[in-house]
Structure formats: structure tokens, C-alpha cells
Amino acid sequence: MIFRALTFVAGLTGAAGLSQFPEFSQQYAQRLGGAVDELTRVVADFDADAAKLGLSRAAALVDMAGSNSQMAVSRAQTMAQTIDRRDALAADLAALQGAGPFTRASLMQHMTDPEIASRALEVYKPALPLTFEGLSFGGVGFALGAMALALLRRMLAMPAHLLRRRKPTQA
């Protein structure tokens, strides 16, 4: 009886946790869009400055990196990192844009930026999801929680089971 109660609690825990995914993933996608917009503005400003000097982006980075100024060399490195980050985040945003919660679940590899995830978590407020998506994720979470507890129980019981099977036979 106690195991059934624990299984139910584990299922409810899984349901409560996983049912939050649709809203959290939407918050993540919104923050991702904001980050891409801001980084695009920074890159566009850099490109405009380079163009004023008759340089392409790549030529401007090489020019800065070859400078005698430590600040210019450092800025070239951080600007190259900013451009790479913007490109990676823009690719993630392109994959997630227009995706519903079920599709976003299959695109988790595009939701891995720790800074954006932590910012989304800072403002995220868990709620009781009453949407189809929230209830669906909750049902899957319930099943996963119950199965995880059942698996843990079997793993813990296995050594005792093996000991009972190894009892020496009397000859």
C-alpha cells in the first residue's frame, strides 16, 4: 500500500514538473528572440563602422586583431565571439520559431543556452496548466515519475533477490 502511495506521489511530481514545459519553452523562445535582436543590432553597428572605413566584417576583424593596441585585439576577439553567438542563437531561433509545444519538445537541442535559460527561469512563475499541451505533458510526466520510482524500487530490490537465489544447497 505504501508503495502505491509513493508511486502516486512520484507520478504527481513528474506531472507537476513536466506540465511546466510548454510555458517555460515559450518563455525561452521569447528571450531567445530578444537576444538575437540585440546581438543583430550590435553586429549591424560593427558592420556599419567597418563599411565606413571601406572594410568588410572579416577585414575589420583582421585589422583589429593585427593592431598594436591591446584593446583593439581584445575587442576583435570579443566581437568575433559575439558574431558567432548571434549566428548560433539565430539558428536556434529559426528552428524554434512557429513551433508549438510538442514540436519544441523535440527541438530541445535548440534550447541549451545557459544564460537565456537562467534568465527565463528567473522570471518564470509555475502555474497550473489547463491547456491541452500542459495536461498532455503532465500526463507524460506522471507516467515517467511513476516508472522512475518503479525502476528505482527494482534496482534496490535486486541485491536482496540475488542473495536469496544464491543460498547454498545442502548435499
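The values are calculated or read from the model by the stated rules, or taken from the named source; none is laboratory data. Since the structure is predicted, the reported quantities are computational estimates derived from the model, not experimental observations. Cβ atoms come from the backbone with ideal geometry, glycine included; neighbour counts cover every protein chain shown.
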Determine whether Thr82 is farther than 29 Å from Gly14 by Cβ, surrounded by 13 or more Cβ atoms within 10 Å (Cβ to Cβ) and either among the polar types (S, T, N, Q) or at pLDDT below 90 (or both).
yes
Pairs, first farther than 20 Å from Ala91 by Cα in region 103-126, second hydrophobic (A, V, I, L, M, F, W, C), C-beta under 9 Å, six or more apart:
Leu121/Phe24; Tyr124/Phe24; Pro126/Ala16; Pro126/Phe24
Could you list, in sequence order, all residues of region 1-55 that are surrounded by 14 or more Cβ atoms within 10 Å (Cβ to Cβ) and among the basic types (Lys, Arg)?
Arg31
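If a residue counts only when it is hydrophobic (A, V, I, L, M, F, W, C), which helices (runs of 4 or more DSSP H) contained entirely in region 26-141 have at least 3 such residues?
Filter on region 26-141 gives 57-65, 70-96, 114-123.
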Note on Gly98: of the conditions (1) on the phi < 0 side of the Ramachandran plot; (2) out of contact with any helix residue (DSSP H, G or I) (no Cβ under 9 Å at 6 or more places or on another chain), unmet is (1)
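In this structure, is Pro168 modelled with pLDDT under 75 and closer than 12 Å to Ala15 by Cβ?
Here the answer is no, as Pro168 does not meet what is asked.
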